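To start, the structure under review is shown below, and the notes come after it.
The values are calculated or read from the model by the stated rules, or taken from the named source; none is laboratory data. As the structure is a computational prediction, the values presented were derived from the model and not from experiment. Don't worry about glycine lacking a Cβ; one is built from the backbone with ideal geometry, like all the others, and counts go over all protein chains shown.
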Amino acid sequence: MKYSYAELAKMIDHSLLHPTMTDSELENGCKIAVQYGVASVCIKPYAVKRAAELLQGSGVFVGAVIGFPHGNSTTESKRYETELACQDGAGEIDMVINLGKALSGDWNYVERDVKGVCDEAHKHGAKVKVIFENDYLTEGGAGLSSDAFKQKLCRLCERAGADWVKTSSGYGFVKQKDGSYNYRGATEHDLALMRASVSPKVQVKAAGGVRDLDGLIKVRDLGASRCGASATVVMLDEYRRREAAEKV
């Protein structure tokens, strides 16, 4: 295998974000995270305290989403939500930018918004992943092409103190021509673009649309260090299957 099991497992932020997630599903998801040795669980703020209890001593981080999924909370709401999540045991924060402000070209607002969360998280020793929601940025905005817009966001987030820039929330549904709603999530183009648009001290996270082992490997090949996934079991069971087949 090109990468070790641990190298790939420790890329995964096991996603427990479905709107209907029950308490028992949260507990089962945390058990899966420990069993498979992933990097973290990515969960909703109300669940942080319970997840921190379940994962104590396991080596699996608790990650909380902030301003999720559309980024429309005020900066102070995001900051306070971050403070509470960190107090409850979150070691990582996944925040969503204010997309409307970004598309309006109000870059100072966007940078202050990101910095407010980063400063609060860093006070508690937590790290921050900043979600762009690239499915909403395919036409660019504020006089910039799509690529230039994402590059500007990358530079802005690095200045604001982000530890990761992240492609998507996994919930950025866009109306299609047939009237249905869908999303692409992380694309190879965007991952390569974002990796090239920040310094080595800022990492890149893929989210949305990575559903199998080959997709996870491609994400790593493109320079991303984390990948949000709900298909953790499928991915890592397939790794074990291939690993066993190689030994025959």
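Go through the residues of the range 113-136 one by one and say whether even a single one is over 26 Å from A85 (Cα atoms) and touching a strand residue (DSSP E or B) at 6+ places or on another chain (Cβ under 9 Å). Yes. Restricting to the range 107-150, name every residue that is surrounded by 24 or more Cβ atoms within 10 Å (Cβ to Cβ), closer than 20 Å to G209 by Cβ and touching a Leu at 6+ places or on another chain (Cβ under 7 Å). Within the range 107-150, F132, E133 meet the criteria.
Yes/no matrix, rows are residues, columns are (1) crowded, with 18+ Cβ neighbours inside 10 Å; (2) free of Cβ contacts under 8 Å to residues at least 12 places away in the same chain; (3) of a type in the set (S, T, Y); (4) within 20 Å of D237 (Cα to Cα):
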site: S4; (1), (2), (3), (4): no, yes, yes, yes
site: C30; (1), (2), (3), (4): yes, no, no, yes
site: Q35; (1), (2), (3), (4): no, yes, no, yes
site: A39; (1), (2), (3), (4): yes, no, no, yes
site: V60; (1), (2), (3), (4): yes, no, no, yes
site: S77; (1), (2), (3), (4): no, yes, yes, no
site: L84; (1), (2), (3), (4): no, no, no, no
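Go through the range 156-190 and give me each residue that's under 22 Å from G116 (Cβ atoms) and either surrounded by fewer than 16 Cβ atoms within 10 Å (Cβ to Cβ) or among the hydrophobic types (A, V, I, L, M, F, W, C) (or both). Selection gives L156, C157, R159, A160, A162, W164, V165.
Among the residues of the range 7-57, those that are within 13 Å of L216 (Cβ to Cβ) and assigned to a helix (DSSP H, G or I) comprise E7, L8, A9, Y36.
State whether one or more residues within the range 103-113 are in contact with a helix residue (DSSP H, G or I) (Cβ under 7 Å, 6 or more places away or on another chain), under 19 Å from A206 (Cα atoms), at pLDDT 95 or above and among the aromatic types (F, W, Y). There is no residue in the range 103-113 that is in contact with a helix residue (DSSP H, G or I) (Cβ under 7 Å, 6 or more places away or on another chain), under 19 Å from A206 (Cα atoms), at pLDDT 95 or above and among the aromatic types (F, W, Y).
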